[in-house]
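Below is one structure, written out as structure tokens; comments come after it.
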């Protein structure tokens, strides 16, 4: 299975915070924490757990660039 | 200056590909390449150059999670 | 492999229009045409071709609702 | 009224799940269920109800492609 | 016709820049210029022209907040 | 600090509605109300308060165009 999204960043889940309908999942990718907001339903269906392996997937059109 | 986006990933620009209106900018973040699609105008205004420092900025609602 | 995106719509590619950096791919899903704008690079890497099977993947936070 | 979004998929609402600020609305489009995450405010303002007609609206830059 | 997007900003088109597949449309809303990147196809289908009236439509989950 | 997002709209916060994980922040920009859905965490980290100055930041690929 392959996806068109240019950014597939493998890591390990370090935190899951469930809300009423939306969960925040944090993935440690090479020491950088990536935060993802997904549905509670997805968290359950994918069986996400702290300590489990997971990738953050991001479409390139959703990535901005910032310079200081 | 602070932004609400939960993901601000500092790195170095390794590639810039200009299209007719859209450019693809690649940033090396801790050895992971992040691809961003932004306007040509932004590339010019920010003075982006290969080798320069830049951060990839991503809103958490734009991050999906994938498991194998 | 499983993705958190709630919308994975299987269909058949009916058109690919390549631009300078961005391609438009049309997928026929149950008779409805879904248009996707992705990088040329993704089109090549996934080996997308008219007539091939493919799914449109959409995060639920990117879906709006309209009523008449 | 016309919108630039390339994907306007007419269907019928089959489920509405209200959270604290975000609702998940499911629309049956030709037998495929599309899930949308929108504000509670929008659900009320549009008078969305299970059984009512509604379209899912998706910008083409928010559609990814996946192949197996 | 009503859309769930919380931000519908009426204004006047002040610039259209066509690329290979993507156009950049600028709308003057109360003296603020809003830039939109949409498909060339949408520009044609909606008959967008400099000087014409148009609204910028933005889903609230696509709006970030920045403070200095 | 500069960001590639083409739309940075300065204004004043007029409302903050906190949910379980997601907050809705309203910014008055030249008399137009812009609604943003961000994480509760961001609201706290940025110290957002009603009456405070803030900018709405929107990537041009997230802006649609509508005509009547």
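Within region E:16-68, how many residues are in contact (Cβ under 8 Å) with a residue 24 or more places away in the chain and at positive phi?
1
Of all residues in region E:13-40, how many are part of a strand (DSSP E or B) and out of contact with any strand residue (DSSP E or B) (no Cβ under 7 Å at 6 or more places or on another chain)? Before the answer, list the steps.
If we filter region E:13-40 for residues that are part of a strand (DSSP E or B), which is where we start, we get E:13-18, E:22-29, E:32-39.
Those still in the list that are out of contact with any strand residue (DSSP E or B) (no Cβ under 7 Å at 6 or more places or on another chain) too: E:18.
Summing the residues that are part of a strand (DSSP E or B) and out of contact with any strand residue (DSSP E or B) (no Cβ under 7 Å at 6 or more places or on another chain) in region E:13-40 gives 1.
So in region D:1-31, with the set limited to residues that are at pLDDT below 95 and within 27 Å of residue C:30 (Cα to Cα), which one is surrounded by the fewest Cβ atoms within 10 Å (Cβ to Cβ)?
If we take residues in region D:1-31 being at pLDDT below 95 and within 27 Å of residue C:30 (Cα to Cα), then D:31 is surrounded by the fewest Cβ atoms within 10 Å (Cβ to Cβ).
All but one of (1) over 10 Å from the mean Cα position of the chain (by Cα); (2) under 13 Å from residue A:6 (Cβ atoms); (3) within 7 Å of another protein chain (Cβ to nearest Cβ) hold for residue B:65; which doesn't?
In the conditions (1) over 10 Å from the mean Cα position of the chain (by Cα); (2) under 13 Å from residue A:6 (Cβ atoms); (3) within 7 Å of another protein chain (Cβ to nearest Cβ), residue B:65 misses (2) alone.
Could you please give the count of residues in region A:41-68 that are in a helix (DSSP H, G or I) and buried (at least 18 other Cβ atoms within 10 Å of the Cβ)?
Step one: filter region A:41-68 for residues in a helix (DSSP H, G or I), giving A:41-45, A:60-62.
Next, from what is left, pick out any that are buried (at least 18 other Cβ atoms within 10 Å of the Cβ): A:42-43, A:60-62.
Counting residues in region A:41-68 that are in a helix (DSSP H, G or I) and buried (at least 18 other Cβ atoms within 10 Å of the Cβ) gives 5.
Working only within region E:26-54, note down all residues that are within 8 Å of chain F (Cβ to nearest Cβ) and under 24 Å from residue C:59 (Cβ atoms).
Of everything in region E:26-54, those that are within 8 Å of chain F (Cβ to nearest Cβ) and under 24 Å from residue C:59 (Cβ atoms) turn out to be E:34, E:35, E:36, E:37, E:38, E:42.
The values are calculated or read from the model by the stated rules, or taken from the named source; none is laboratory data. Quick caveat, the model's predicted, so the values are computed rather than measured. All Cβ positions, glycine included, derive from the backbone under ideal geometry; neighbour counts span all protein chains shown.
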